[in-house]
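Worksheet: one structure, shown below.
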Amino acid sequence: QVQLVESGGGLVQPGGSLRLSCAASGSIVSIYAMGWHRQAPGKARELVAVISSGGSTNYRDSVKGRFTISKDSAKNTVHLQMNSLKPEDTAVYYCNAGGSVVAGTAFTSWGQGTQVTVSS
């Protein structure tokens, strides 16, 4: 019932920047947290960054200082600003969200993923 739509992926040179966006839609009462995961070829999906409804953030060590996660609660959107990109950041990036919909039902949803390729 809750859909996530991602945008902003693409091809960028090392050292460049990209800004990913994800918008949640549906019969949402509240979102507890939103975040980004990524999966590189031949590797397991890994958490990149999360942000709670209260604004607390967590990042994996390899992206700290380079990536910034932010949200616009009024629009049920989350963004991931990625700076100083490295080839090892190449992956499919997936947005996810958890919260509640009508009738007190919890939900977790995932986007379809957006490709980020860092290459010269």
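What the table shows:
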{"item": "Length added when fully stretched, Thr108-Gln13, from 0.36 nm per residue minus Cα-Cα", "result": "30.9 nm"}
{"item": "Per residue, the convex hull volume that the Cα atoms of region 1-51 enclose (Å³)", "result": "115 Å³"}
{"item": "Packing-based ranking, highest mean first, of 100-107, 31-38, 11-18 given that Cβ atoms within 10 Å are counted", "result": "31-38, 11-18, 100-107"}
{"item": "Contact order relative to length of the chain, as percent, for alpha carbon pairs under 8 angstrom and 6 or more apart", "result": "36 percent"}
{"item": "Portion, in percent, of the accessible area of the chain that falls on carbon or sulfur, probe 1.4 Å", "result": "48 percent"}
{"item": "Per residue value of the accessible surface for the chain (all protein chains in place, 1.4 Å probe), Å²", "result": "52 Å²"}
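The values are calculated or read from the model by the stated rules, or taken from the named source; none is laboratory data. If you're wondering where the values come from, they're calculated on a predicted model, not measured in any experiment. Cβ coordinates were reconstructed from backbone atoms using ideal geometry, including for glycine residues, and neighbour counts include every protein chain displayed. Heavy atoms of the whole protein, side chains included, go into the accessibility calculation; ligands, DNA and RNA do not. Shrake-Rupley method; radii C 1.70, N 1.55, O 1.52, S 1.80 Å.
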